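**Student:** Next up is a structure, given as structure tokens.
The values are calculated or read from the model by the stated rules, or taken from the named source; none is laboratory data. None of these values were measured; they are calculated from a predicted model. Neighbour counts are summed over all protein chains in view; Cβ atoms, including those assigned to glycine, are modelled from backbone coordinates with ideal geometry.
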Amino acid sequence: MPAALASRTCEVRDLGAMRWGAAYALQAELVAQRQRGEIADQLLLVEHPHVVTMGRNGHAANVLASPEVLAATGIEYYETNRGGDVTYHGPGQLVGYPIVHLNEWKRDVHAYVRALEEVIIRTLADFGVTGERVAGATGVWAGGAKVCAIGVHLSRWVSSHGFALNVETDLQYFQYIVPCGLTKPVTSLRQLGVAASMAEVKSAVCRRFSEVYEYQ
């Protein structure tokens, strides 16, 4: 392993349950600190209350409910600077926000996103699930359905946003959107027969994240 990689570390922050807006503000603060070299890479793990977020490449038509219906259902709505289209976050879904300085790993956005997919594929394998990539579609799939959405943003080579893995998510909430702009089904680890707890999934994600991104 090159010397530059040998000393790389990542701090994991388990935020528990946090509203999307608060987590976004925290990401922005940590990205600025990482750009200034004040902190190491970070991995934020969080569960959000019901929220729909729209990526910068998204299409309004992929939100199938009016703002009034979303509000009445208790779903917040935000437009974001991440890549990708519309997605849903909610309880039972593990959301990961890696704040990684790509100058110290690989200065390659495509490689970074493929590595995020690899983290999830290896995590799924830990629980006996075969995760797959689908050509032309970012994210991870299992049994023909999407189990993990991925959308990222880079600012001065520091990443934000990340992945959303359905662990025991109430999948009915996806009826309000066309997830990631794709008319394909979504699934969860629970629906795939995995009984692992959120804590067990977090532990596996952290282990695989460290492995794929070559942290100490």
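**Student:** Name the residues in the range 70-80 that are assigned to a loop (DSSP other than H, G, I, E, B) and touching a residue at least 60 places away in the same chain (Cβ under 8 Å), would you?
**Tutor:** Those that are assigned to a loop (DSSP other than H, G, I, E, B) and touching a residue at least 60 places away in the same chain (Cβ under 8 Å): Thr73, Ile75, Thr80.
**Student:** Residues in the range 174-188: is at least one charged (D, E, K, R), buried (at least 19 other Cβ atoms within 10 Å of the Cβ) and in contact with a Lys or Arg (Cβ under 8 Å, 6 or more places away or on another chain)?
**Tutor:** No - not one qualifying residue is present in the range 174-188.
**Student:** Okay, next question. So, in the range 187-205, of the ones that are within 17 Å of the chain's Cα centre (by Cα) and of a type in the set (A, V, I, L, M, F, W, C), which residue ends up farthest from Trp141 (Cα to Cα)?
**Tutor:** Ala199
**Student:** Six or more apart or on different chains, Cβ under 8 Å: which pairs go from a residue in the range 187-216 that's over 26 Å from Asp170 (Cα atoms) to one that's among the small types (Gly, Ala, Ser)? Could you list them?
**Tutor:** Here the result reads Val212/Ala115; Tyr213/Ala115; Gln216/Ala6; Gln216/Ser7, each pair linking the range 187-216 to a residue that is among the small types (Gly, Ala, Ser).
**Student:** Between a first residue in the range 84-108 that is over 20 Å from Arg56 (Cα atoms) and in contact (Cβ under 8 Å) with a residue 24 or more places away in the chain and a second residue that is of a type in the set (Asp, Glu) and in a strand (DSSP E or B), which pairs have beta carbons less than 6 Å apart while being 6 or more apart in sequence or on different chains?
**Tutor:** Pro91/Glu47; Val100/Asp41
**Student:** Can you pull out the residues in the range 90-117 that are farther than 15 Å from Val152 by Cα and buried (at least 19 other Cβ atoms within 10 Å of the Cβ)?
**Tutor:** Gly90, Gln93, Leu94, Trp105, listed by residue number.
**Student:** Also, I was wondering about something else. Limited to the range 5-47, what total is found for residues that are among the polar types (S, T, N, Q) and touching a strand residue (DSSP E or B) at 6+ places or on another chain (Cβ under 6 Å)?
**Tutor:** 3
**Student:** Hey, another quick one. Identify all residues within the range 40-69 that are modelled with pLDDT of 90 or more, more than 27 Å from His101 (Cβ to Cβ) and either basic (Lys, Arg) or outside any loop (DSSP other than H, G, I, E, B) (or both); write none if there are none.
**Tutor:** Within the range 40-69, Val51, Val52 qualify.
**Student:** Can you pull out the residues in the range 81-126 that are under 24 Å from Val51 (Cβ atoms), assigned to a loop (DSSP other than H, G, I, E, B) and either of a type outside the set (A, V, I, L, M) or at pLDDT below 95 (or both)?
**Tutor:** Those that are under 24 Å from Val51 (Cβ atoms), assigned to a loop (DSSP other than H, G, I, E, B) and either of a type outside the set (A, V, I, L, M) or at pLDDT below 95 (or both): Asn81, Arg82, Gly83, Gly84, Asp85, Gly90, Pro91, Gly92.
**Student:** Residues in the range 178-198: is at least one out of contact with any Phe, Trp or Tyr (no Cβ under 8 Å at 6 or more places or on another chain), closer than 13 Å to Gln93 by Cα, modelled with pLDDT of 95 or more and assigned to a helix (DSSP H, G or I)?
**Tutor:** yes
**Student:** Can you pull out the residues in the range 67-105 that are of a type in the set (Gly, Ala, Ser) and out of contact with any helix residue (DSSP H, G or I) (no Cβ under 9 Å at 6 or more places or on another chain)?
**Tutor:** Taking the range 67-105 first, the residues of a type in the set (Gly, Ala, Ser) are 71-72, 74, 83-84, 90, 92, 96.
Residues satisfying the conditions are Ala71, Ala72, Gly74.
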